[in-house]
Amino acid sequence: MTEPNLKQSRDSSAGALLAASAFVIWGISPIFWNQLQAVPAMEIVTHRVVWSPLFLLPVMLRQQRWGEVASAFSDPKTILTLLLTTILISANWLTFIWAINNDQVLQTSIGYYITPLINVLLGMVFLGERLRPLQGVALALAAGGVTYLALDYGRIPWIALALGFTFGFYSLVHKVIAVSSIAGLMLEMLLLSVPAVAYLVYLDRIGTGAFLHSGAWTDLLLAGTSLFTAFPLLLFTSGAKRLHLSTLGFLQYIAPSGYFLLAVLYFHEPVSRAQVLTFVLIWLALCCYSTDSVLYYRLQVKKWKKTTKRDG
């Protein structure tokens, strides 16, 4: 193996390890959030907002990204766009934590399994991207699974759809912002920090706030929310830039698979036949989606090599 190929192989291996670690942390995070079951979901999300910038601060200083933050703050269009992403990610976090602490972990698994397919749908609707045949099959299978579950429930599985669409739109909007993931998260947290601190002060004043009133363990967990917010994101961004998109696509299923296993084995949620069929349809959809991603990536590489050879 030549030196460049050896370096590329090492980078890919390191990238896979970093990205997989991020998804594993996200995958086991319901155990952490469930430890805060006595704290309202809104208060937990508020603590995520308040503590995350403190965790990100040394990273921002080390990577010298404050110029990027200052530039974004001076652009009204970027700030308005980030306000939208802030609302979307906050809604996603609130829904996720509420679901974990109300015995709805299986729905969170469905929500994040269908997120890649929702991204394809949103790209088609808002970005004019063309739907490839296997992507169409994948969307149809996932839609069939969710529809069947809704009919069996007698109501729409709003948690799964809310998680999928809030994160899908969050990713879509981020496509038009020239801000890195780390700087973007810092900006989003800074935009929310003032109302978040005001809300926590209000809760303390009326005597319903958990922080400093529910024991040292709860205080430590609330402060530790930043670890499950910013730390896996740092691992993910470090790993993602070293990996092919198709590899990253496979790794992203680690987190919802973790939710599924925890729901069944740790939280002991009952699994109905309708839920099993829904998961089967969604897994088939993801097989189609992943196969399409690999085939499309190989086709692009083949075209690139042919073009490079001709130009060379």
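The values are calculated or read from the model by the stated rules, or taken from the named source; none is laboratory data. The shown structure was predicted, so the numbers you read here are calculated from the model rather than taken from an experiment. Glycine also receives a Cβ, built like all others from the backbone with ideal geometry; neighbour counts cover every protein chain displayed.
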Tally of residues being at pLDDT 90 or above and among the aromatic types (Phe, Trp, Tyr) across the range 246-293: 6
Flag if Ala142 is surrounded by 20 or more Cβ atoms within 10 Å (Cβ to Cβ) and over 20 Å from Ala230 (Cα atoms): yes
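What do you reckon, is Ala99 over 21 Å from the mean Cα position of the chain (by Cα), buried (at least 19 other Cβ atoms within 10 Å of the Cβ) and among the hydrophobic types (A, V, I, L, M, F, W, C)? Reasoning before the result, please.
Values: over 21 Å from the mean Cα position of the chain (by Cα): no; buried (at least 19 other Cβ atoms within 10 Å of the Cβ): yes; among the hydrophobic types (A, V, I, L, M, F, W, C): yes.
Taking the combined requirement at face value, the residue does not satisfy it.
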Residue in the range 244-255 that is out of contact with any Gly (no Cβ under 7 Å at 6 or more places or on another chain), in a loop (DSSP other than H, G, I, E, B) and over 16 Å from Ser29 (Cα atoms) present: yes
Restricting the range 274-294 to residues that are free of Cβ contacts under 8 Å to residues at least 60 places away in the same chain and among the aliphatic types (A, V, I, L, M), the residue that is surrounded by the most Cβ atoms within 10 Å (Cβ to Cβ): Val294
Residue list for the range 14-28, filter: surrounded by fewer than 20 Cβ atoms within 10 Å (Cβ to Cβ), touching a helix residue (DSSP H, G or I) at 6+ places or on another chain (Cβ under 7 Å) and over 21 Å from Tyr259 (Cα atoms): none
Selection count, the range 214-273, where residues are over 23 Å from Ser109 (Cα atoms), of a type in the set (S, T, N, Q) and surrounded by 19 or more Cβ atoms within 10 Å (Cβ to Cβ): 0
Filter result for Ala138 (among the hydrophobic types (A, V, I, L, M, F, W, C), in contact with a Leu (Cβ under 9 Å, 6 or more places away or on another chain) and on the phi < 0 side of the Ramachandran plot): yes
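Out of Leu88, Leu82, Leu94, Leu56, I need the residue that is more than 21 Å from Trp26 (Cβ to Cβ) and either hydroxyl-bearing (Ser, Thr, Tyr) or in contact with a helix residue (DSSP H, G or I) (Cβ under 8 Å, 6 or more places away or on another chain) (or both). Which one?
Leu82
So for the range 32-54 (the condition being among the charged types (D, E, K, R), under 30 Å from Leu286 (Cα atoms) and modelled with pLDDT of 90 or more), does at least one residue qualify?
No, the conditions are met nowhere in the range 32-54.
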Verdict on Val176 being within 21 Å of Leu227 (Cβ to Cβ), out of contact with any strand residue (DSSP E or B) (no Cβ under 9 Å at 6 or more places or on another chain), surrounded by fewer than 17 Cβ atoms within 10 Å (Cβ to Cβ) and touching a residue at least 60 places away in the same chain (Cβ under 8 Å): no
Output for the range 29-65, where each listed residue is closer than 26 Å to Tyr253 by Cβ, surrounded by fewer than 16 Cβ atoms within 10 Å (Cβ to Cβ) and of a type in the set (A, V, I, L, M, F, W, C): Ile31, Phe32
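So, Asp152, is that one in contact (Cβ under 8 Å) with a residue 24 or more places away in the chain, acidic (Asp, Glu) and within 30 Å of Ala196 (Cα to Cα) or not?
Details: in contact (Cβ under 8 Å) with a residue 24 or more places away in the chain: yes; acidic (Asp, Glu): yes; within 30 Å of Ala196 (Cα to Cα): no.
No; evaluated as a whole, the condition is false for this residue.
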